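What follows draws every value from the coordinates through simple rules; no lab data is involved. Since the structure is predicted, the reported quantities are computational estimates derived from the model, not experimental observations. Cβ coordinates were reconstructed from backbone atoms using ideal geometry, including for glycine residues, and neighbour counts include every protein chain displayed.
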Amino acid sequence: MSQTITFKRPDGKECSGFYVEPAAGAKAPGVVVIQEWWGLNDQIKGEANRLAAAGYRALVPDLYRGKLGLDAKEAEHLMTNLNFADAAGQDIRGAVQYLKSGGGKVGVTGFCMGGALTILSAVFVPELDASVSWYGFPPLDYVDATKIKAPLMGHFAIDDAYFPIQQVDALEAKLQQAGVKCEFHRYKATHAFANETHTNPQAPMRYDAALTETAWQRTFAFFKQHLAISRQHLA
């Protein structure tokens, strides 16, 4: 079952989002899914459906308020005008709180821009229980690692033209120094290797089905460990 819902942010304002439930319904643990710079499009809804098929309630907050980036220039404009602190501390935190209100643990996962917001959410959303970032991270100065209390997984591309792997190494070192439980995986791939819509050979990004499958297997094992889908949830 999927639908558009509206939930409250911590500041009392409202945000809408795409919500889908698994067969277990409202008893299942939840995952907030954060969009790439394109917006709340069919591709990111597909990732929410993937999580629902695996047994999670999934919620994609509409960070662009209904707008979509139909090309790279428009997507960049929308992303540039997004207040990342507000998106993490209000929209995404509100989405986590909404899923938490139904009981059970809640994680966050996001891709590209959403990957960066996932790491910011680990800082700004104390309610989350685990997070998985896909090939995205914010500037290291924005990451107060001492505030990250939940375990964090990252999937990064060695040949990423947008998020250099050397900065991934620096981020990992910063997290480890602060005692954050982090598990970073590096793939011989380009940016957005898990987005099946990237088929343009001219773009510095390419879908890799095999690596995507590996990354999702790791993600589901991580969420199963930290969000604890139990027989009680599935009953």
Anything over 21 Å Cα to Cα? Flag those among Lys13/Lys67; Lys13/Lys45; Lys105/Lys224; Lys13/Lys147, in the order listed. Lys13/Lys45; Lys13/Lys147
What spacing in nm lies between the two simple spin-label points modelled at Lys100 and Gln3, each 7 Å away from Cα in the Cβ direction? 2.4 nm
Calculated FRET efficiency, Asn83 and Tyr162, Cβ-Cβ r, R0 22 Å, to nearest 0.05? 0.60
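Within 10 Å of each residue's Cβ, count the other Cβ atoms and sort Ile148, Ile34, Ile119 from fewest upward.
Values: Ile148 23, Ile34 32, Ile119 27.
Fewest-to-most ranking of Ile148, Ile34, Ile119: Ile148, Ile119, Ile34.
Of all the stretches in the chain, which is the longest one without any exposed loop site, taking GluC sites (Glu not before Pro) in a DSSP loop (any state but H, G, I, E, B) with at most 16 other Cβ atoms within 10 Å? Provide the component values of the computation, followed by the final result.
On the way: sites that count: Glu127, Glu196.
Segment 1-126 is the longest.
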What does a probe at Thr214 reach in segment 114-143, counting residues whose amide N is under 13 Å from the point 7 Å along Cα→Cβ? none
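Which chymotrypsin sites (Phe, Trp or Tyr not before Pro) in segment 121-210 sit in a loop by DSSP (not H, G, I, E or B) and have at most 10 other Cβ atoms within 10 Å of their own Cβ?
Working: sites: Phe124, Trp134, Tyr135, Tyr142, Phe156, Tyr162, Phe184, Tyr187, Phe193, Tyr207; in loops: Tyr135, Tyr162, Phe193, Tyr207.
Loop-located and lightly packed - none at all.
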Nearest 500 deg cm²/dmol is fine: what mean residue ellipticity at 222 nm does the chain get from its DSSP H runs of n ≥ 4 alone, each adding -39,500 (n - 2.57), divided by its residue count? -10000 deg cm²/dmol
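Cut-off is 10 Å between beta-carbons; in what order do Thr214, Thr190, Thr118, Thr4 appear when sorted fewest neighbours first?
Numbers: Thr214 15, Thr190 20, Thr118 31, Thr4 11.
So the ranking, lowest neighbour count to highest, is Thr4, Thr214, Thr190, Thr118.
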Taking the Cα atoms of the chain, what is the range of coordinates along each of the three principal axes, in descending order and whole Å? 45, 39, 36
At what distance in angstrom do the alpha carbon centres of segment 9-51 and segment 96-122 lie from each other? 9 Å
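Taking 25 Å as R0, compute the FRET efficiency from the Cβ-Cβ separation of Tyr142 and Ser16 and round it to 0.05.
Efficiency, from the Cβ-Cβ distance: 0.45.
For the peptides 18-29, 91-102, what is the packing order when you average, over each peptide's residues, the other Cβ atoms within 10 Å and list the highest mean first?
Values: 18-29: 18.8, 91-102: 22.6.
Descending mean neighbour count gives 91-102, 18-29.
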When DSSP beta bridges are limited to those with both residues in segment 2-234, what percentage is antiparallel, rounded to the nearest 5? 30 percent
